[in-house]
1. From the list 181, 170, 186, 164, exactly one residue is loosely packed, with under 14 Cβ neighbours inside 10 Å, modelled with pLDDT of 95 or more and farther than 23 Å from residue 26 by Cα. Which is it?
2. If the requirement is being under 27 Å from residue 181 (Cβ atoms) and surrounded by fewer than 18 Cβ atoms within 10 Å (Cβ to Cβ), which of these qualifies: 47, 41, 72, 10?
3. Which of the residues belonging to the stretch 1-13 are in contact with a helix residue (DSSP H, G or I) (Cβ under 8 Å, 6 or more places away or on another chain) and at pLDDT 95 or above?
4. Tell me, which residue of the stretch 27-38 that is in contact (Cβ under 8 Å) with a residue 60 or more places away in the chain and either within 23 Å of residue 3 (Cα to Cα) or surrounded by fewer than 12 Cβ atoms within 10 Å (Cβ to Cβ) (or both) is nearest to the chain's Cα centre (by Cα)?
5. Can you pull out every residue in the stretch 129-144 that is in contact with a helix residue (DSSP H, G or I) (Cβ under 6 Å, 6 or more places away or on another chain) and outside any strand (DSSP E or B)?
6. Inspect all residues belonging to the stretch 80-87 and state whether any of them is out of contact with any helix residue (DSSP H, G or I) (no Cβ under 9 Å at 6 or more places or on another chain) and crowded, with 18+ Cβ neighbours inside 10 Å.
7. Got a number for residues in the stretch 111-128 being farther than 16 Å from residue 44 by Cα and crowded, with 18+ Cβ neighbours inside 10 Å?
8. Would you check which residues across the stretch 12-22 are under 15 Å from the mean Cα position of the chain (by Cα) and either under 19 Å from residue 169 (Cβ atoms) or outside any strand (DSSP E or B) (or both) and list them?
């Protein structure tokens, strides 16, 4: 069985949505290597519809631009959605239409090997709530967004979840990648 790893870019004030405003100033060679490494260690991507639509728009036109873009376009992609019917991005399958999304996600985890998920939203909360998330990587950017709305923040009303720190990677731009494993109820 593989593992599901979530990689979320975040500011010091918890903004996980407005990446275009603050991420690129801190994305140097070290971050590029780390991002490429985590993408190549994965056999598939999983995402919600909103992330899918943003990624499709950004990456589908970049085939041939570089190895990262080529990998992003060729890797298997699974979109959790009950409304998306005919995805157009290469290698995309929609999950969540059976009525038992958790069972579908559990089956994907068993069949695909390691799966990468970008961003923290409804799909991540579903994974955490059902014990399917194996690792959370927060790419903490040394900046205060200052304009995030409550819906742009990592925090949402939910049950408390504890994590164990696996590692810290500090980059010369000040970007810090924090790696955590969720503590399951049987671990505590």
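The values are calculated or read from the model by the stated rules, or taken from the named source; none is laboratory data. Please read these numbers as outputs of a predicted model, since none were measured by experiment. Here the Cβ is made from the backbone with ideal geometry for all residues, glycine too, and neighbour counts use every protein chain on show.
1. 164 is the lone residue from the list that is loosely packed, with under 14 Cβ neighbours inside 10 Å, modelled with pLDDT of 95 or more and farther than 23 Å from residue 26 by Cα.
2. The conditions single out 41.
3. Within the stretch 1-13, 3, 4, 5, 6, 7, 8, 9, 11 meet the criteria.
4. Result: 38.
5. Selection gives 130, 132, 133, 143.
6. Looking for residues that are out of contact with any helix residue (DSSP H, G or I) (no Cβ under 9 Å at 6 or more places or on another chain) and crowded, with 18+ Cβ neighbours inside 10 Å, one finds none in the stretch 80-87, hence no.
7. Result for the stretch 111-128: 3.
8. Once the filter is applied, which keeps residues that are under 15 Å from the mean Cα position of the chain (by Cα) and either under 19 Å from residue 169 (Cβ atoms) or outside any strand (DSSP E or B) (or both), the stretch 12-22 yields 16, 17, 18, 19.
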